[in-house]
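Data block below; observations after.
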Amino acid sequence: MWQRLQTSLRSIPVWVGLGIVVLMLVLDVLSLNEDSRAALRISRPLAGMDTLIYDWRFKLLTPERREGDTPIVIVDIDERSLQREGRWPWGREKVAALVKALEAQGVSLIGFDVVFSEPEVNPADALLAGGGLSEATRSELGAQRDAFDNDARLAEVVPASTVLGYFLHADGVRVGKLPQPFLQLEPEDTGWRVLTLPDYTGNLPGLIDRALSAGFVTTLPDRDGVIRRSPLVLRNADGLYTALSVEMARQHLKSPFINLKTARCRGNQTCIEGLSVGDRYVRTDEHGAALVPYKGRRESFTYVSATRVLRGELPSGILQGAVVLVGTSALGLADLRTIPLETQYPGVEVHANLLDAIMQSEPGQSQFHFRPDWEPGATFVLLLLSGLLLALILPRLEPGYMIVVSGAWIAVLLLGNLALWKAARFDLPMAALLLMTLLIAVFNITFGFLRANNQKREIKAMFGQYVPPAHVEEMLSRPDAISLDGESREMTVLFSDIRSFTSMSEGLSAQELKKLLNSYFTPITQIIFDHNGTIDKYVGDMVMAFWNAPLTDTRHAHNAIVAALAMQKRVEEMHAEFAAVGWPAVNIGIGINTGLMNVGDMGSEFRRAYTVLGDAVNLGSRLESVTKFYGAKILVGETTYAQAPEFLYRRVDRIIVKGKSEPISVYEPVCLLSEASESRRSRVNRYNEAIGYYFAQQWDAAEEILRELLAAEPGRQLYILYIERIEELRRHPDLTMSWSGVYEHKNK
């Protein structure tokens, strides 16, 4: 059950990641459905993020300074002009004088970002409306009335080079007169995606009928009040109208027509893809709006104060051949806008940017940023593929690598998007991709840290009392490297048991026995910890430990033997300590074996333990049990012997332990070869020589050496054992016929 729970927990990040992918795909699809208010509300956060990214790109990548063949100059009705010429609106006579002054400077085209919707009061009419005038005077004023008509004077100067501006809106007011639409629609043709504005503030009929052309100056900010795009085409009643910038470009390029490129979309509606002005093509969205290609912050174009033009203070020829836009930057005239680059941006300069980009958009090289037709499909595919990869890969990584991978992918998205914005002028959305990546990454990183902390708690709880503190710290530093699941690996196991423990415990009270065992187990456990061992369990007086798990130990056989030798040395030191408090001396036997073992967190739902199992483990226990038979302090199996050749060994016997059928060779490690004295090395080598004679059935040679060794070390049980075996074989020569040298132990 616990394993199933762990597996389920590990799969949570994958399923959550896939859920995030599905959510972002749904939001991406909903963002395309502009006909559904519910869809727009749901996808609005993504749109908001994309607008922030759009502004960030403008600020990060300084817009290019476009320098065209025809200069665009803004004649500014600024604060200085208002101070010198009087408050706005100026009289039509003064506006007419401004037009004449500009024409005298040699400008090629004039566009007005102001509207002349109300007639100016004729002074003659004002006098005639009053009383106290004689009939002769009234007759004279009536005859001279046209001479005081300033609207007519302005109308006389606009036909040559002036494009007027007007407003389309939905304020419920219709003032002035609109020009003829560039495209007349049928009244029943309601399938256009172009934004419809039913009302208008136009120019005086006398002006609009005589002006060179006219275009709307309506700008529509985004929901946050920032002007990022501007309509180039709008609908009013049954006509389509073009922006001031488009009309001025048409006049400048001497193009008789404006051509729309349309397509059927969204339920057989007519969507605009772009418009052509002469050989200039501008990509728009389906509503006929284009992203404003700002050259930079305010005053990216040349500004000339209107009062200087009126008073002839400009050097001759400074405006020669220029296209002029008349507008205002004065604070009190409320024509300041917010754009991605700054606030307090003159509205007239928005039109200047559009006009400049149209004029400089050569065939095949537009100056406008746009969203390509293939973008929705590409975004969907990129969301799907990158989302699936992140959802499947991140849960397999450690939190640190999760941060690196997700951060690298975000960097690729940002750099790729910026590169396409700069090189191809693609306005590609990034919000869905970035948000999806961040959500998947944050969840996986958070879940990874929580899982790592949980693993640390599990490791601390499970191994705190069984492995050295240094091992615990290492496992906590890299918990993913620790597997609690069952696995097979080559390991070394150690069993240690107190000899004659039963009889020894009979002479002690329960309290004394507890103190004795605690005094024994504490230093023994410390020795095992000091040599990288893991305590498996204590059973009565028995200690079981193993090496090479949970952390890898390539010298597990060596470390186990070193620990065993240290344990025996410490037990000898305990004799005096125990005698001082009246306790009996403690002697231990140790069995060590190396082989393939199963290790892991095992047990039931009620109690579990990290332990080892297998035949190699059982053999280690059997070796410990036969140490007393040979009078050996430590016995190791042949695999342990082979993997730790740096020790001085006695060859003890070739045996079959209880429960086994295959014989093994067992050895007693005496000390490290590097620490062996000449006399000890000589005695062990002489003994091994005798055992060699023994297994070669050269009884006399073997016995001679054994008796020699016994004389030097009286009472050593191993020597006596082999001398007795040789004597037994001599008494029963028939035994030698089937003798293999293998001794079978019947007891555990």
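The values are calculated or read from the model by the stated rules, or taken from the named source; none is laboratory data. These figures come from a predicted structure and were not determined experimentally. FYI the Cβ positions are ideal-geometry reconstructions off the backbone, even for glycines, and counts take in every protein chain you see.
Looking only at segment 493-525, how many residues end up being loosely packed, with under 13 Cβ neighbours inside 10 Å and assigned to a helix (DSSP H, G or I)?
Residues in segment 493-525 being loosely packed, with under 13 Cβ neighbours inside 10 Å and assigned to a helix (DSSP H, G or I): 8 in total.
Among the residues of segment 358-369, is any hydrophobic (A, V, I, L, M, F, W, C), in contact with a Leu (Cβ under 8 Å, 6 or more places away or on another chain) and in contact (Cβ under 8 Å) with a residue 24 or more places away in the chain? It would help to see each step written out before you state the result.
Restricting attention to segment 358-369, the residues satisfying the condition of being hydrophobic (A, V, I, L, M, F, W, C) are 358-359, 368.
Of the ones still in play, those that are also in contact with a Leu (Cβ under 8 Å, 6 or more places away or on another chain) are 359, 368.
Imposing the further condition that a residue be in contact (Cβ under 8 Å) with a residue 24 or more places away in the chain reduces the set to 359, 368.
Yes, there is a match, as at least one residue in segment 358-369 is hydrophobic (A, V, I, L, M, F, W, C), in contact with a Leu (Cβ under 8 Å, 6 or more places away or on another chain) and in contact (Cβ under 8 Å) with a residue 24 or more places away in the chain.
For Glu247, which of the numbered conditions (1) touching a Lys or Arg at 6+ places or on another chain (Cβ under 9 Å); (2) among the acidic types (Asp, Glu); (3) within 13 Å of Leu354 (Cα to Cα) fails to hold?
If we test Glu247 against (1) touching a Lys or Arg at 6+ places or on another chain (Cβ under 9 Å); (2) among the acidic types (Asp, Glu); (3) within 13 Å of Leu354 (Cα to Cα), just (1) comes out false.
Any chance segment 50-70 includes a residue that's over 22 Å from Glu286 (Cβ atoms), surrounded by 14 or more Cβ atoms within 10 Å (Cβ to Cβ) and modelled with pLDDT under 75?
Looking through segment 50-70, at least one residue is over 22 Å from Glu286 (Cβ atoms), surrounded by 14 or more Cβ atoms within 10 Å (Cβ to Cβ) and modelled with pLDDT under 75.
What pairs can you find where one residue is in segment 634-662 and under 22 Å from Glu572 (Cα atoms), the other is assigned to a strand (DSSP E or B) and of a type in the set (Gly, Ala, Ser), and their Cβ atoms are less than 6 Å apart, with a gap of 6+ or different chains?
So the pair list comes out as Leu635/Gly591.
Ser230 versus (1) buried (at least 20 other Cβ atoms within 10 Å of the Cβ); (2) closer than 18 Å to Phe257 by Cα: which is the lone unmet condition?
(2)
Select from segment 549-580 the residues that are surrounded by fewer than 20 Cβ atoms within 10 Å (Cβ to Cβ) and outside any helix (DSSP H, G or I) and list them in ascending order.
Leu551, Thr552, Thr554, Arg555
Closer than 11 Å to Ser496 by Cβ and hydrophobic (A, V, I, L, M, F, W, C): is that true of Ala563 in this structure?
Working: closer than 11 Å to Ser496 by Cβ: yes; hydrophobic (A, V, I, L, M, F, W, C): yes.
Spelling it out, Ala563 is indeed closer than 11 Å to Ser496 by Cβ and hydrophobic (A, V, I, L, M, F, W, C).
In the list Ser677, Ser682, Ser665, which residue meets the criterion of being within 26 Å of Gly620 (Cβ to Cβ) and of a type in the set (Gly, Ala, Ser)?
On the way: Ser677 fails: within 26 Å of Gly620 (Cβ to Cβ); Ser682 fails: within 26 Å of Gly620 (Cβ to Cβ).
Of Ser677, Ser682, Ser665, the one residue that is within 26 Å of Gly620 (Cβ to Cβ) and of a type in the set (Gly, Ala, Ser) is Ser665.
Since Tyr538 meets every condition but one in (1) farther than 18 Å from Ser621 by Cβ; (2) at pLDDT below 95; (3) not polar (S, T, N, Q), which condition does it not meet?
Looking at each condition in turn, Tyr538 falls short on (1).
Under 7 Å between Cβ atoms, at least 6 apart or on separate chains: pull out the pairs that start in segment 499-522 with a residue that is farther than 18 Å from Val539 by Cβ and assigned by TED's automatic domain parsing to the domain that holds Phe629 and end on any residue that is at pLDDT 90 or above and not small (Gly, Ala, Ser).
Hits for this filter: Gly507/Pro584; Leu508/Leu516.
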